[in-house]
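Visitor: Sharing a structure here in structure tokens format.
Derivation of every value follows stated rules applied to the coordinates shown; laboratory data play no part. None of these values were measured; they are calculated from a predicted model. FYI the Cβ positions are ideal-geometry reconstructions off the backbone, even for glycines, and counts take in every protein chain you see.
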Amino acid sequence: MEIVKIAIIGIVAGVLVVTIKQKQPELGLQVSIVAGLIIFIYVLDYLITAVDYIKDIVTNYDIPYESITIVLKIIGIAYICEFAVQILKDTGESSLASKVELAGRVFIIVLSLPIITSFMKMILGLLG
């Protein structure tokens, strides 16, 4: 099970960070960031597999590709922002983390506008 490997990386990194922070706090932060990036890169392969699977579904069932692309971009923005926010919070930059979170929400709203528009057109079309 791959999640066990990720959990072990996280636990080992956490223990290292706690141990190192006592003597060199700035080095502890760097270890934490590197461990987070390693986990993110490890998970990236699975995300690519999921996206490929979704592309196959879109192709086989004639789902509008534009809608799925927008949804995938929204999910990507959410994950990237969450990752950045957590790193910023770890560094003690809560204010900056809030701004990154806000920016992510704005990007998600802007990206979702075409889907909202097509949904509204569909509802208005049904109402006649």
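Visitor: Which listed residue (Ala103, Phe40, Ser118) has the Cα farthest towards the positive end of the charge dipole for the chain, taking +1 on Lys and Arg C-beta and -1 on Asp and Glu C-beta about the Cα centre?
Guide: Among Ala103, Phe40, Ser118, the one farthest towards the positive end of the dipole of the chain is Ala103.
Visitor: Can you tell me the 0 to 90 degree angle between the C-alpha axis of helix 94-127 and the longest principal axis of the chain, rounded to 10?
Guide: Taking Cα atoms only, the helix is inclined about 20 degrees.
Visitor: Specify whether the C-alpha gyration tensor of the chain places it in the rounded, prolate or oblate class, a ≥ b ≥ c being the square roots of the eigenvalues: rounded for a/c under 1.5, otherwise prolate if a/b is larger than b/c and oblate if not.
Guide: oblate
Visitor: Kindly express, to the nearest 10 degrees and within the range 0 to 90, the angle between helix 65-90's C-alpha long axis and the longest C-alpha principal axis of the chain.
Guide: The two axes meet at around 20 degrees.
Visitor: Still on this structure: Near Lys5, which lysines are there with a Cα under 30 Å away, not counting those fewer than 8 places off in the same chain?
Guide: Output for Lys5: Lys21, Lys23, Lys55, Lys73, Lys89.
Visitor: For segment 96-128 and segment 9-56, compute the distance between their C-alpha centroids and round to whole Å.
Guide: First find each Cα centre; the distance between them is then 31 Å.
Visitor: In whole Å, what are the extents of segment 1-61 along the principal axes defined by its C-alpha atoms, from largest to smallest?
Guide: 57, 22, 10
Visitor: Dipole size in debye (nearest 20) for the chain around its Cα centre, Lys and Arg Cβ +1, Asp and Glu Cβ -1?
Guide: Dipole of the chain, to the nearest 20 debye: 320 debye.
Visitor: Okay, next question. How would you order 117-126, 30-39 from highest to lowest mean count of nearby Cβ atoms within 10 Å?
Guide: In decreasing order of mean packing, 117-126, 30-39 become 30-39, 117-126.
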